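The values are calculated or read from the model by the stated rules, or taken from the named source; none is laboratory data. Values in this document were obtained by computation on a predicted structure and should not be read as measured data. Glycine gets a Cβ as well: all are built from the backbone with ideal geometry, and neighbour counts include every protein chain shown. The accessibility values were calculated without ligands, DNA or RNA, using every heavy atom of the protein model including side chains. Shrake-Rupley method; radii C 1.70, N 1.55, O 1.52, S 1.80 Å.
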Amino acid sequence: MAKVGAILAAAGRGVRFGAEVPKQFLELGGRPVFLWGLSALERHPRVEEIVVAVPPGWEERVRDWCGEFRKVSRVVAGGESRQASVRRAFEALSPGVEIVLVHDAARPLVSQEVISRVLGEIEKRGAALAALPVRDTVKRVSEEGRVLETLSREGLWLAQTPQGARRDWLAEAFRKAGREEFTDEAALLEAAGFPVFVVLGDPRNFKLTYPEDFSLLEAFGDLTRI
């Protein structure tokens, strides 16, 4: 079977969160947030290697935290954007890796089932991401708060991670992007002309964005199951 490598994107600065340290290094359930997603990747039987991208200056501290994880091969300093950070981690993967998964460290409750679904779809079709179908009515709103339009939610999905693709597809997508920035790997691949497919995500796999999300994570997820 194809060798699978994973990237944990933990290089964000968490400006919107407003904490003194990046949110991925705050404590959740007795350990830093990023270690929950890292643990999930470490435990997955198909993931053979993990590279962690962190803010510059955090490399040594994160290496110490990662000491118990045998699959972590490198901890690298991230760049000025998420895409730049992921690209640096991508370039640090071992040459034998054929399939690459990328997961946001700020999504600590990712399950083994979601990882498996994304990986299975990549193996079948080349590129995939976890996502959830939009259930609520969607409004397009002006800067003043006035509703401009009610949009159809048919065919709309909310992207999660992990996302990933064949290594050669991601390499080509990075090459074609040049300095153009994309918000996630799916958008990067789409822009390069590669088909990307959705698999069902998990409501518990939401992104830690604001301080109040901590209480949601603790209520929403059983931290012992991941």
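Hey, what did the chain get for relative contact order, percent, Cα under 8 Å, at least 6 apart? Walk me through the numbers before you get to the answer.
Numbers: 444 pairs, mean separation 51.8, N = 226.
This gives 23 percent for the chain.
Using a probe radius of 1.4 Å on heavy atoms only, what accessible surface per residue do you get for the stretch 72-226? Whole Å² is fine.
Accessible area per residue, the stretch 72-226: 52 Å².
Taking the highest mean first, how do the peptides 82-92, 148-158, 56-66 order by number of other beta carbon atoms within 10 angstrom per residue?
82-92, 56-66, 148-158
Run the paramagnetic zone check for Val21: 7 angstrom along Cα to Cβ, then residues of the stretch 34-58 with backbone nitrogen under 13 Å.
Flagged as within label range: 34-35, 55, 58.
Rg/Rh for the stretch 1-99 to two decimals, with Rh computed the Kirkwood way over all alpha-carbon pairs.
Using only Cα positions, Rg/Rh for the stretch 1-99 is 0.96.
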